[in-house]
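*Asks:* Below is the structure I would like to discuss, written out as structure tokens.
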Amino acid sequence: MPEDPDPPTTPPVPLPPNRYRDRRCGSLRARDIGSEVRLAGWVAAKRDHGGLLFIDLRDPVGPDAYLPAADGSPDGATGLQRGHHNARIVQLVCHPGSEAFEVLSRLRPESVMSVAGRVVGRPPETVNPKLATGAVEVDVSSVEVLSSADVLPFPVERDSDAGEEARLTYRYLDLRRGPLVERLAKRALLTQVARRHLASRGFLEVQTPVLTASSPEGARDYLVPSRLYPGEFYALPQAPQQFKQLLMVSGIERYFQIAPCFRDEASRADRSPGEFYQIDLEMAFATQDDVFREVELLFSEVVSNLTHKHAPAPYPRLRYADALARYGTDKPDIRFGLEVADVTAKLGGRTELPMFTEAPAKGHAVRALSAPGAAGRPRSWFDAFSESARALGIAGSWLQLPPDGSEKKGPLSRKLTEEEIATLASAAGASPGDAVLTCVGPPPSASVPLGQVRSALGLELGLADPEMLAFCWIVDFPMFEKNPETGGWDFSHNPFSMPQGGLQALLDKDPGDVVAYQYDVVCNGLELSSGAVRNHLPEVMERAFAIAGYSRERVARSFPALWNAFRYGPPPHAGIAPGLDRLFMLLEDQPNLREVIAFPLAQNARDLLMGAPAPVTPEQLAELHLQVVPPKKV
RNA sequence: GGACCUGUGGUGCAGCUCGGAGUGCACGCCGGCCUGUCAAGCCGGAGGUCGCGGGUUCAAAUCCCGUCAGGUCCGCCA
């Protein structure tokens, strides 16, 4: 036996021979020349020369696509060779006069067949380097058509665009095209890596109910009517939040679950309608730092197994208020600088310009952003900025610094002295050729319009390194926020978070000044997760809910399980729940969640493939004690 | 709840601003030719409620109103 010129990189997964096949198409190599083989698969392409017929036969997506490589390299699941479309194809050749020729020449693409034949070497000039099997082909001796395909709604083999509606309606064909299913294989690798890692860190995987009670806080619930109890409903969980806290009370040290979450809310590109998955974690006797360490370890394991991107750790921590001030958002993309400068102290009260002069007295901040090379932008660009600021109740203005140092332009150039202009430019870090945008408004939101410009510039100027995953922690979220309509206080995030300073902080401070042990993990401008050190003390919980206008009785009624459980020795605990779909979308550079989900809903929460939701029979309704009341026509 | 973009043979698009015969491109499909292609090639052909309804007009794919579908965003998402 000659030395194998093309050894497999991983131990082959066995393929027990049966009546359909004894080899995978993509496994054939020069070493197989002379073998009699039986293959099965889809007709990927047909090239009929009349006197000679070529067929590309394609395997189903096999273990090569989703088993980790022996060397642990990311390419194991994603590289061009293993698992890739072109690694699953072999060329069949068929000569005229045979029965097989007659059958095959009539067969349409994506039909399914089983063929028998002999592996032959290709003439050197016809070797195809694009195929893993390109050195050989199979000379067909017999063929059995297993199913024949109709004319396709869109091409399966070709890398062409298909409309979103067609892709969703014929999802199985879209999946068969390759990239999607290869992504699913990689997603399976992600969950495998996460499970293995978390188990090794002492996390116990526990499944929690999908049929549970409606919770009064948060998003709209999906409800399930009860047959046994007329007029009563289960709800699908928006997250296993209360269950995981109950598991802490149950004495479990560390819990995790790849948890389905259901929220009846409007969708976005990065927010799927209906349902999504979280890597849900909770730890007993844990601090914020403990949670951060575990998440950084988990993400580091996931990132190194799935991509070549850099993810610097430990992740920088930004206070919520600072993130808002410096980046104008609570989910900053920190892959590039372009930070907003606070120039209140430098300009406020020191110029003749009332907008700036009066700011400190009103408690307003003056913020500035240098837009690189923007001095020559059209008036409309500056107007769009000041318009978006005005919409937020913020005064926006600007200054243009021509590259040649000639006369400055923009509203501020006429109202500030040369010295003040120099102060502003230097504080913002602007040079000739740049423009300085300014905003004046209440500190929490004063930078928001500048943050929007910063994001747009980052994209436009290509400032963000696409090979970088810049994770960061946003910490110290406010516990409460003012409800503009009622004037009362609402929980700004999770009502079960522990206020920093505990009960004393709730008693002493203005509710607007109380910060919680509440944190987000953000990456490249995308919010991946929220988490918190939980409030496990009934008296603190009672006080927090009182500030938000909940009576003790109402808390007890709304959250009976936690309320009661916390009377019997709850340990301090903390957790987080990174969004699995969104994390994977980020790792894969996908523009929306449909690209990382096998069977996604359309934007309006309709399932175009299965036809859900759909009416049910009157009998079904009657059994559930339900009556449909059509919406009133306007 | 709101705003915007898109909808044209089976597929992807152009045509729409400035109304004038269903006009065009690429792919697919059907038929013919073809022994080394690999997204085969060449020749021929079929295939249309221009999403749907209404309006303006001598005349609407094109302009206006409504509606449906897909997408993006705002609100919403403790």
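*Asks:* Could you please find all residues in region A:119-159 being more than 6 Å from RNA strand B (Cβ to nearest atom), in a loop (DSSP other than H, G, I, E, B), closer than 30 Å to A:Met610 by Cβ and not aliphatic (A, V, I, L, M)?
*Replies:* A:Ser148, A:Asp150, A:Glu157, A:Asp159
*Asks:* Shifting gears a bit: Cβ contacts < 8 Å: first residue aromatic (Phe, Trp, Tyr), restricted to region A:394-406; second residue buried (at least 18 other Cβ atoms within 10 Å of the Cβ) and not in a loop (DSSP other than H, G, I, E, B), any location; separation 6+ or different chain. Result?
*Replies:* Qualifying pairs under 8 Å: A:Trp398/A:Phe382; A:Trp398/A:Phe385; A:Trp398/A:Ser386; A:Trp398/A:Leu412; A:Trp398/A:Ala435; A:Trp398/A:Val436; A:Trp398/A:Leu437; A:Trp398/A:Thr438.
Yes/no matrix, rows are residues, columns are (1) in contact with an Asp or Glu (Cβ under 7 Å, 6 or more places away or on another chain); (2) closer than 30 Å to A:Ala313 by Cβ; (3) not hydrophobic (A, V, I, L, M, F, W, C):
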{"position": "A:Ile334", "(1), (2), (3)": "no, yes, no"}
{"position": "A:Leu353", "(1), (2), (3)": "no, no, no"}
{"position": "A:Pro360", "(1), (2), (3)": "no, no, yes"}
{"position": "A:Trp381", "(1), (2), (3)": "no, no, no"}
{"position": "A:Ala384", "(1), (2), (3)": "no, no, no"}
{"position": "A:Pro402", "(1), (2), (3)": "no, no, yes"}
{"position": "A:Gly410", "(1), (2), (3)": "no, no, yes"}
{"position": "A:Ala425", "(1), (2), (3)": "no, no, no"}
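*Asks:* Of all residues in region A:221-245, how many are out of contact with any Phe, Trp or Tyr (no Cβ under 7 Å at 6 or more places or on another chain) and either within 25 Å of A:Glu623 (Cα to Cα) or away from RNA strand B (no atom under 16 Å from the Cβ) (or both)?
*Replies:* 9
*Asks:* Which strands (runs of 3 or more DSSP E) sit wholly inside region A:439-541 and have at least 2 residues that are modelled with pLDDT under 95?
*Replies:* Once the strands (runs of 3 or more DSSP E) in region A:439-541 are filtered for at least 2 residues that are modelled with pLDDT under 95, what remains is A:480-482, A:489-491, A:526-533.
*Asks:* Further question on the same structure: Taking region A:157-204 only, how many residues are hydrophobic (A, V, I, L, M, F, W, C), crowded, with 18+ Cβ neighbours inside 10 Å and touching a strand residue (DSSP E or B) at 6+ places or on another chain (Cβ under 9 Å)?
*Replies:* Looking only at that region, the number is 4.
*Asks:* Could you grab me the full set of residues in region A:173-200 that are under 16 Å from A:Val596 (Cα atoms) and among the basic types (Lys, Arg)?
*Replies:* Correct list: A:Arg176, A:Arg177, A:Arg183, A:Lys186, A:Arg187.
*Asks:* Please name all residue pairs, on different chains or six or more residues apart, with Cβ atoms under 6 Å, provided the first residue is in region A:198-227 and is farther than 30 Å from A:Gly549 by Cα and part of a loop (DSSP other than H, G, I, E, B) and the second residue is among the hydrophobic types (A, V, I, L, M, F, W, C) and more than 16 Å from RNA strand B (Cβ to nearest atom).
*Replies:* A:Phe203/A:Phe256; A:Arg227/A:Leu624
*Asks:* Cβ-Cβ under 7 Å, sequence separation 6+ or interchain: first residue in region A:470-496 and touching a residue at least 12 places away in the same chain (Cβ under 8 Å) and over 29 Å from A:Pro316 (Cβ atoms), partner more than 10 Å from RNA strand B (Cβ to nearest atom) and basic (Lys, Arg). Which pairs?
*Replies:* From region A:470-496, the pairs are A:Trp489/A:Lys482.
*Asks:* Okay, next question. Select from region A:297-315 the residues that are in a helix (DSSP H, G or I) and closer than 17 Å to A:Gly579 by Cβ and write down the one among them that is modelled with the lowest pLDDT.
*Replies:* Across region A:297-315, the extreme among qualifying residues is A:Leu306.
A quick yes/no check of all residues on (1) under 35 Å from the mean Cα position of the chain (by Cα); (2) within 11 Å of RNA strand B (Cβ to nearest atom); (3) modelled with pLDDT of 95 or more; (4) within 23 Å of A:Gly62 (Cβ to Cβ):
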{"position": "A:His95", "(1), (2), (3), (4)": "no, yes, no, no"}
{"position": "A:Val115", "(1), (2), (3), (4)": "no, no, yes, yes"}
{"position": "A:Gly178", "(1), (2), (3), (4)": "yes, no, no, yes"}
{"position": "A:Ala185", "(1), (2), (3), (4)": "yes, no, no, yes"}
{"position": "A:Ala188", "(1), (2), (3), (4)": "yes, no, no, yes"}
{"position": "A:His197", "(1), (2), (3), (4)": "yes, no, yes, no"}
{"position": "A:Ser200", "(1), (2), (3), (4)": "yes, no, yes, no"}
{"position": "A:Leu204", "(1), (2), (3), (4)": "yes, no, yes, no"}
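*Asks:* Within region A:238-267, how many residues are in contact with a helix residue (DSSP H, G or I) (Cβ under 9 Å, 6 or more places away or on another chain) and free of Cβ contacts under 8 Å to residues at least 12 places away in the same chain?
*Replies:* Qualifying residue count for the region: 1.
*Asks:* I'd like the residue in region A:250-270 that is within 9 Å of RNA strand B (Cβ to nearest atom) and part of a loop (DSSP other than H, G, I, E, B) and, out of all such residues, is surrounded by the most Cβ atoms within 10 Å (Cβ to Cβ).
*Replies:* Out of the qualifying residues, it is A:Ser267.
*Asks:* Within region A:417-442, can you find the residues that are among the aliphatic types (A, V, I, L, M) and surrounded by 14 or more Cβ atoms within 10 Å (Cβ to Cβ)?
*Replies:* A:Ile421, A:Leu424, A:Ala425, A:Ala427, A:Ala428, A:Ala430, A:Ala435, A:Val436, A:Leu437, A:Val440, listed by residue number.
*Asks:* If I ask for residues that are more than 33 Å from the chain's Cα centre (by Cα), within 19 Å of A:Pro443 (Cβ to Cβ) and of a type outside the set (Gly, Ala, Ser), which ones from region A:364-414 would you list?
*Replies:* A:His364, A:Val366
*Asks:* Right, here's the next one. Need pairs with beta-carbon distance below 7 Å; first residue more than 11 Å from RNA strand B (Cβ to nearest atom) and within region A:589-616, second outside any loop (DSSP other than H, G, I, E, B) and of a type in the set (D, E, K, R); sequence gap 6+ or separate chains.
*Replies:* The qualifying pairs are A:Val596/A:Arg183; A:Val596/A:Arg187; A:Val596/A:Asp581; A:Ile597/A:Asp581; A:Phe599/A:Arg171.
*Asks:* Within region A:530-557, track down each residue that is surrounded by fewer than 22 Cβ atoms within 10 Å (Cβ to Cβ), within 30 Å of A:Asp270 (Cβ to Cβ) and not aliphatic (A, V, I, L, M).
*Replies:* Answer for region A:530-557, where residues must be surrounded by fewer than 22 Cβ atoms within 10 Å (Cβ to Cβ), within 30 Å of A:Asp270 (Cβ to Cβ) and not aliphatic (A, V, I, L, M): just A:Ser530.
The values are calculated or read from the model by the stated rules, or taken from the named source; none is laboratory data. Note that the structure is predicted; figures quoted are calculated from it, not measured. Positions of Cβ are generated from backbone atoms using ideal geometry, with glycine treated the same way; all protein chains shown enter the neighbour counts.
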